[in-house]
1. If you line up the Cα atoms of the range 11-63 on their principal axes, what length do they span on each, largest first, in Å?
2. Using the Cα gyration tensor of the range 118-176, with a ≥ b ≥ c the square roots of its eigenvalues, what is the shape: rounded (a/c below 1.5), prolate (a/b larger than b/c) or oblate (neither)?
3. So, with +1 on the Cβ of K and R and -1 on the Cβ of D and E, and no other charges, what is the size of the charge dipole of the chain about its Cα centre, to the nearest 20 debye?
4. If you restrict to DSSP beta bridges whose two residues both lie in the chain, what percentage is antiparallel, to the nearest 5?
5. With label points built 7 Å along Cα→Cβ from the Cα atoms of E91 and R18, find their separation and express it in nm.
6. Quick check for you: which residues of the range 1-32 have the amide N under 12 Å from the point 7 Å beyond the Cα of D131 toward its beta carbon?
7. When the Debye formula is applied to the Cα atoms of the chain, each taken as the same point scatterer, what base-10 log of I(q)/I(0) results at q = 0.14, 0.15, 0.16 Å⁻¹?
8. Could you tell me, in Å, what Rg and Dmax come out for the Cα atoms of the range 1-99?
Amino acid sequence: MAFSIIIDGHNFINDLERYGKGKDYLLRELSFPKLHSIIQERLRLEGLYSHPFIHTEFVCSDRGQIASLKGDARNELIKKLRNEKGVTVIEVPQHTSKQKGVDFTVFIRMMTLSKSSAQPHEIVLFASDTDYIPALRLMAEQGTHVVMVGFVKDQPTLKEGLINESYLTLDLAELLKKMETTDNKAIEADRE
């Protein structure tokens, strides 16, 4: 058993920006390798222990902006993500102005991972779009746990339907705070 993370990139960056996490935060402070271990620890605390992390897939359109990031800022984010350990960027060709290709790709990746030889028992989904509710239901019917990640308390982004259909919900604000606290402890240790 294992777990993989799938991120609806546009959705995720929009949520972070609404929460006050701008371009500098995304490019300099956000760390998926640190989030991987924090999420793994949270899953262990929830009784989903000894599930190794496989990888993170960041899904976005191949052109245009990702939330408010466009041009050089967009390219800088994609480059940063591609250089992070355990992260794969999937850029979906967009033929229209709507992001439905990204949603569909996220769903296909969820289905593929649930049927892979590694058979991840948990898929951790960073998204707040209610279009994923049918996918969550299908994954549950097939025995795959989907753990939703989004802002739950202050300025909530996860809608009730996503929370109700997911196996477990993790508050992104708590995960980011723990990631930032870990950063501060490492900086303080380096100074000593």
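The values are calculated or read from the model by the stated rules, or taken from the named source; none is laboratory data. None of these values were measured; they are calculated from a predicted model. Every residue, glycine among them, receives a Cβ derived from its backbone with ideal geometry; neighbour counts consider all protein chains shown. Just the protein is used for accessible areas: all its heavy atoms, side chains included, with ligands, DNA and RNA removed. Shrake-Rupley method; radii C 1.70, N 1.55, O 1.52, S 1.80 Å.
1. Taking the Cα atoms of the range 11-63, the three principal extents are 37, 25, 18 Å.
2. Details: a/c = 2.61, a/b = 1.53, b/c = 1.71.
The shape class here is oblate.
3. On the way: 25 positive and 28 negative charges, 74 e Å.
Taking the Cα centre of the chain as origin, the dipole is about 360 debye.
4. Beta bridges within the chain, antiparallel portion: roughly 5 percent.
5. Going from the E91 label point to the R18 one covers 2.7 nm.
6. So the set is 8-11.
7. -0.78, -0.90, -1.03
8. 14.4, 43
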